[in-house]
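Student: Would you mind keeping the following structure in view while I ask a few things?
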Amino acid sequence: MPARRRGSNLSVARCGSVRGVDRREFLESVAGLSALLPGLSLEQAFAQGLHERAQGAASPRTLSAAQDAAVTALAEILLPQTETIGATQVGVNRFIDLLLSESMLPAGRDRFLEGLTAIDARSRALCGAPVARARHEDRLALVRALDEQLPARAPGKAEEAALEKQPVSAERGYALLKQLVVFAYFTSEPVAKGLINAPIIPGRYDGCVST
């Protein structure tokens with residue numbers, strides 16, 4: 001029986017968006033980012049300060065206009081506005097841009113951007129347009145396909161070292177993008193106050209924490 005993938009529990013909401021990102025996935029995201037980006041601070045105070053400064057950003061510093069549009073489009077598929085606030089409303093794209101500009105190590109930043117390029121190339125091949133200009137239903141299908149390829153567990157150190165020597169695939173780029181989107185969303189003030197009745201970042205990561 002094949003190993004269960006993380007994306008397999010996602011369902012489709014009435015508006016046609018990918019659902020299933022919750023507090024448990026936020027904790028998984030923090031753990032994954034800690035392993036992938038050891039030079040990145042994931043403290044609550046750091047994230048809140050970054051959100052405050054990102055709100056005042058007039059334009060992206062690292063992301064190009066096309067890259068910013070791609071991040072926004074993908075984040076909105078993952079965390080749309082429904083009965084709760086969406087990724088666009090909390091400025092996930094601005095948070096990620098500031099994180100790339102000021103806090104992410106150069107190698108990690110380059111791999112993130114390489115991953116965005118790979119996702120856009122996949123979108124052009126499958127949808128006939130870059131992800132930001134593709135039809136909503138095509139973006140949804142693309143995200144579903146990429147989400148189904150997420151591994152059931154985070155790669156170990158040896159696997160991570162091997163992956164870093166390879167070009168960043170669309171699947172790998174999507175995995176990092178999703179982790180950053182989830183981290184940015186759940187650490188934003190409206191979501192942290194309204195949706196999480198527990199400390200944003202606990203003292204330890206427990207993969208079996210109940211939601």
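Student: Please report the net charge: other residues with Cβ closer than 11 Å to the Cβ of A69, K and R +1, D and E -1. It would help to have the intermediate numbers written out before the result.
Tutor: Working: positive: R133; negative: D68, E76, D120.
With Lys, Arg at +1 and Asp, Glu at -1, the neighbours total -2.
Student: In whole Å, how far is the Cα centre of segment 125-173 from that of segment 79-96?
Tutor: If you average the Cα positions of each part, the centres end up 21 Å apart.
Student: Please compute the modelled spin-label separation between D110 and Q149, points set 7 Å along Cα→Cβ, answer in nm with one decimal.
Tutor: 2.3
Student: What's the long-distance tail for segment 111-169, i.e. % of Cα pairs beyond 18 Å? If you can, show how the numbers build up before the last one.
Tutor: Details: 730 of 1711 pairs.
The answer is 43 percent, as a whole percent.
Student: Can you give the extra length, in nm with one decimal, that the chain gains between D138 and S64 once fully stretched, where that is 0.36 nm per residue apart less the Cα-Cα distance? Walk me through the numbers on the way to the answer.
Tutor: Numbers: separation 74, 0.36 × 74 = 26.64 nm, distance 2.25 nm.
Computed gain between D138 and S64 is 24.4 nm.
Student: Using a cut-off of 29 Å between alpha-carbon atoms, which lysines can reach K157, once sequence neighbours fewer than 8 places away in the same chain are excluded?
Tutor: Straight-line reach from K157, under 29 Å: K165, K178.
Student: Students often check this: by mean Cβ neighbours within 10 Å, which of 116-124, 129-137 ranks highest, and how do the rest follow?
Tutor: Numbers: 116-124: 20.0, 129-137: 16.6.
Most protected by this proxy first, the peptides run 116-124, 129-137.
Every number in this text was worked out from the coordinates using simple rules, so none of it is lab data. Keep in mind that what you see is a predicted model, and the values were worked out from it rather than measured. Note that each Cβ is placed from the backbone with ideal geometry, even for glycine, and that neighbours are counted across all protein chains shown.
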